[in-house]
Amino acid sequence: MLAKFFRKGRAGLAYVLGVGRTVDPRQPKVLAGEPGRVEALIDASSFSNAYTSAVLTYDRELSQAEAERDMMSFDQMILPGMTPGLEYERVWVRHTELGDGSRPPRTALHWVCCNTELSTGKRLQPYFDRVDRKRVKAWQEITNAEHGYASPDDPHRRRA
């Protein structure tokens, strides 16, 4: 599993939900959160960076229980002590890419979070790269080791 945060303006809610696509091979499915509420909060935000987005990418297809466990663990790691829906709003969307014979199926769990603390209306920054990169990397490695996911840092997975 690889945890990756996107730069400002990339992987927004419309991309994650597949808005404007008649056929989407990624098969987006909302797993948690309310996309309409998140979109309204992002649109109403006066902050220069209205949202933060990330993705957890797996090299295989995940079960629903595995996805829920990892989503909950990620939420607790990135915003400890805060309650989704009460203090912050985020949406989780699952993308599934089916293998075509030459590639195995893959799963991506996209996370889009509004950068507004709901009870106060103040700015909330769930991820600050210089401070949080090591913590997210540690969480990624612990999760990979505990659940047997392939690590992107494994020397056996390097390209020739």
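Some observations on this one:
- Each other residue within a Cβ distance under 15 Å of residue 72 adds +1 if Lys or Arg and -1 if Asp or Glu, for a net charge of -2.
- Where 51, 15 fall by accessible area, highest first, once all protein chains stay in place (1.4 Å): 15, 51
- Calculated [θ] (222 nm, deg cm²/dmol) that DSSP helices of n ≥ 4 give over the chain, each run adding -39,500 (n - 2.57): -9500 deg cm²/dmol
- Spatial separation of Cα centroids for region 98-149 and region 1-36, in angstrom: 13 Å
- Anchor residue 137: lysines whose Cα lies under 27 Å away (excluding residues fewer than 8 positions away in-chain): 4, 8, 29
- Å² per residue, accessible surface of region 1-140 at 1.4 Å: 55 Å²
- Sites residue 98 and residue 135 - FRET efficiency at Förster radius 25 Å, r taken between beta-carbons, to 0.05: 0.15
- Rounded to the nearest Hz, the phi-derived 3J(HN,Hα) couplings of region 69-76 under the Karplus curve 6.51 cos²θ - 1.76 cosθ + 1.60 (θ = phi - 60°) are 4, 5, 5, 5, 5, 5, 4, 5, where x marks glycine and proline.
- The chymotrypsin sites (Phe, Trp or Tyr not before Pro) of region 77-131 meeting both criteria, a DSSP state outside H, G, I, E and B (loop) and at most 13 other C-beta atoms within 10 angstrom of the site's C-beta, are 128.
- Most to least accessible of 26, 60, 130 (protein chains only, probe 1.4 Å): 130, 60, 26
- In order along region 61-66, the Karplus-derived 3J(HN,Hα) couplings, from 6.51 cos²θ - 1.76 cosθ + 1.60 at θ = phi - 60°, round to 7, 9, 7, 4, 5, 5 Hz, and Gly and Pro are given as x.
- Rounded to the nearest 5, the antiparallel percentage of DSSP beta bridges internal to the chain is 95%.
The values are calculated or read from the model by the stated rules, or taken from the named source; none is laboratory data. The model shown is predicted, which means the values in this text are computed figures rather than measured ones. Here Cβ is always computed from backbone atoms with ideal geometry, including for glycine, and neighbour counts include all displayed protein chains. Side chains included, ligands, DNA and RNA excluded: accessible areas come from the protein's heavy atoms. Shrake-Rupley method; radii C 1.70, N 1.55, O 1.52, S 1.80 Å.
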